[in-house]
Amino acid sequence: DGKTKAAWRFHGTATMHENGPIREQVMARTVKEELDKDPERKGAAVIIRVDRVTNMAGQVLQSR
């Protein structure tokens, strides 16, 4: 945030889904403008499980 200088770091695990039902669920929830950028639907869905949020100094702000 440019005004408050707040910055967060997200820690977790990402899983990529290049096809299948999870990819289809993500595509169904994606805004039209984003889908329009991939007319051939080559993109993959990436699900990120966030385990911890820290500030840039490493202080834990939220954890699972």
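The values are calculated or read from the model by the stated rules, or taken from the named source; none is laboratory data. Source: prediction; values computed, not measured. In this analysis, Cβ positions are derived from the backbone assuming ideal geometry, glycine residues included, and neighbour counts consider all displayed protein chains. Accessible surface is based on the protein model in full, side chains and every heavy atom, while ligands, DNA and RNA are left aside. Shrake-Rupley method; radii C 1.70, N 1.55, O 1.52, S 1.80 Å.
Return the residue satisfying two criteria in turn: it lies in the stretch 1-13 and is within 13 Å of the chain's Cα centre (by Cα) and open to solvent by less than 70 Å² (accessible area, probe 1.4 Å), and of such residues it is nearest to A45 (Cα to Cα).
First, pick out the residues of the stretch 1-13 that are within 13 Å of the chain's Cα centre (by Cα): 9-13.
Applying the additional criterion that residues be open to solvent by less than 70 Å² (accessible area, probe 1.4 Å) yields 11-12.
Values: H11: 18, G12: 16 Å.
Here the answer is G12.
Listed here are the residues, each with its yes/no results for (1) free of Cβ contacts under 8 Å to residues at least 40 places away in the same chain; (2) touching a Ser or Thr at 6+ places or on another chain (Cβ under 7 Å).
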| position | (1), (2) |
| --- | --- |
| T4 | yes, no |
| G12 | no, no |
| P21 | yes, no |
| K32 | yes, no |
| L35 | yes, no |
| R52 | no, yes |
| M56 | no, no |
| R64 | yes, no |
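Within the stretch 20-35, which residues are of a type outside the set (G, A, S) and not in a helix (DSSP H, G or I)?
Scanning the stretch 20-35 gives T30, V31.
In this structure, does R52 turn out to be outside any helix (DSSP H, G or I), surrounded by 11 or more Cβ atoms within 10 Å (Cβ to Cβ) and of a type in the set (K, R)?
Values: outside any helix (DSSP H, G or I): yes; surrounded by 11 or more Cβ atoms within 10 Å (Cβ to Cβ): yes; of a type in the set (K, R): yes.
Yes.
Can you tell me which residues in the stretch 20-40 are more than 30 Å from T4 (Cβ to Cβ) and either small (G, A, S) or surrounded by 10 or more Cβ atoms within 10 Å (Cβ to Cβ) (or both)?
G20, I22, R23, E24, Q25, V26, M27, A28, L35, D38
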